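The values are calculated or read from the model by the stated rules, or taken from the named source; none is laboratory data. All values derive from a computational prediction rather than experimental measurement. Don't worry about glycine lacking a Cβ; one is built from the backbone with ideal geometry, like all the others, and counts go over all protein chains shown.
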Amino acid sequence: RKRNPGQEEFHEAVQEVASDVLPFIANHKDYQGECLLERLTEPDRVITFRVSWVDDEGNVRANRAWRVQFCNAIGPYKGGMRFDETVTESVLKFLGFEQIFKNSLTGLPMGGAKGGSNFNPKGKSDGEVMRFCQSLMTELHRYIGPDKDVPAGDIGVGAREIGYMFGQYRRLSHSFTGAMTGKGISFGGSVGRKEATGYGVVYFMREILHAVDDDIKGKTAVVSGSGNVALYCIEKLVQLGAKPLTVSDSSGFIYDPDGIDEEKLAFLKDLKEVRRGRIEEYAEKFGCTFKEGRPWGVKADLAFPCATQNELNGDEAKSLIDNGLLALAEGANMPCESKAQHLLRKHVLYAPGKASNAGGVAVSGLEQSQNSQRISWSLEEVDKRLQGIMKDIHGKCIEHGKGKGAGDKTDYVRGANIGGFIKVADALQECGVF
Ligand code: NDP
């Protein structure tokens, strides 16, 4: 805390990992004596820079951007870029730190990183977003590359922003390489990337339920968000015969007791991906309830927080548990506040984002593989690999967390923290001290 004053989000993330990894180290001689966790909490480097750009009225504007290159012990740095006014160095350090373990869990050779800017693309014209992205990449291009650091999207960075940034990278580097993922299909993107995080979180939930001899079919689900992760989480739930009851955005949530089906999902995709409208329109169109606030008071078997960090507090977790929740899998990064995490870990099967939302970065890793081989796999091939990866991550959580939770439940948080740590720790030790 003294070393990183005011970085609350980062402290919280480190504390959560340390509470599992430190006791593990204490019981395993092989991992003692090299300050492994302390070394992992210090990023390899943090690059901070100004991004100046010109708005549509001709005014010069200035934002701040960062790239946190946390650890490349097991592969080139990999992690998304986030554009939002809430972005700070602390938020990016928390996300980058988590990314080390998440990327390790996928089994693919990817190090941990994260980046972004306090620029908010909402309400900006395409021209303004393009000029911002080009200006940002004019500085960032020095630090990235297919064997160095491969950024992707995150909140506020979708296909449009990736396209503008990758275009500028191509221009400045005078080459076409897979230096970014989440690219459009026409210029090196992978099929299935858009769907990967949402599908992956549902595949992970399917594994959780199979491990306790249950099935996802027929289960009701409360989902938050209506962005990239939430929409494809809902799509996979519908495909597997579950019944999503809610969807939300920053204005509030809708509760549809009949469940969201394919037709309603098609409306949602048009509303959110094409027209960028508000969620209330769904309630008007399908005659159900819209409420301000968050959806966690709705009774359901399963929960999928897929919007943003700290979107589910202790009281809301209690309400989900009192309503008979079986399991919760995080689609977003750290959506549950620490009190909520504590309660969920104790009372239900609770999968942390670093395990359950790793499908996105896993398919980004597959995009890197396709780019370097100059081939494109089919959607079936990518989906098959994604399902295999989510199953393997679940297996690692079982290996290190089975029977370790309250009431002999699998402790997925412990399983993910230790499962992710071991590979990185082995690599750090074998490469010497630096
Ligand atoms: P999007 O920007 O596509 O969607 C975010 C959604 O969350 C929107 O519906 C947004 O509503 C809503 N939201 C934002 N802030 C709030 C808030 N304060 N209260 C309620 N709702 C809010 O982002 P993604 O779907 O890509 O990402 C969602 C989360 O998943 C993030 O935590 C991200 O880091 C994580 N993640 C994403 C991956 C990916 O592949 N996309 C991979 C792994 C993790 P509105 O439209 O009103 O802003």
Kindly indicate whether any position in the stretch 364-387 is within 16 Å of the ligand (Cβ to nearest atom), farther than 16 Å from residue 412 by Cα and assigned by TED's automatic domain parsing to the domain that holds residue 298.
no
Look at the stretch 107-134 and say how many of its residues are of a type outside the set (Val, Ile, Thr) and surrounded by fewer than 22 Cβ atoms within 10 Å (Cβ to Cβ).
16
Has the stretch 154-163 got at least one residue that is assigned to a strand (DSSP E or B) and either closer than 16 Å to residue 46 by Cβ or of a type in the set (Asp, Glu) (or both)?
yes
Look at residue 220 and say whether it is touching a residue at least 12 places away in the same chain (Cβ under 8 Å), over 29 Å from residue 378 (Cα atoms) and not assigned by TED's automatic domain parsing to the domain that holds residue 306.
no
Looking at this structure, is residue 200 outside the structural domain of residue 80 (by TED's automatic domain parsing), surrounded by fewer than 24 Cβ atoms within 10 Å (Cβ to Cβ), within 9 Å of the ligand (Cβ to nearest atom) and within 29 Å of residue 82 (Cα to Cα)?
no
Please tell me if residue 279 is of a type in the set (A, V, I, L, M), in contact (Cβ under 8 Å) with a residue 40 or more places away in the chain and either assigned by TED's automatic domain parsing to the domain that holds residue 340 or closer than 16 Å to residue 228 by Cα (or both).
yes
Within the stretch 308-357, the count of residues that are assigned to a loop (DSSP other than H, G, I, E, B), in contact with a His (Cβ under 9 Å, 6 or more places away or on another chain) and within 12 Å of the ligand (Cβ to nearest atom) comes to 0
Restricting attention to the stretch 60-79, the residues that are assigned to a strand (DSSP E or B) and either of a type in the set (D, E, K, R) or touching a residue at least 40 places away in the same chain (Cβ under 8 Å) (or both) number exactly 13
Answer with yes or no whether residue 407 is in contact with a helix residue (DSSP H, G or I) (Cβ under 9 Å, 6 or more places away or on another chain), part of a helix (DSSP H, G or I) and more than 22 Å from residue 99 (Cα to Cα).
yes
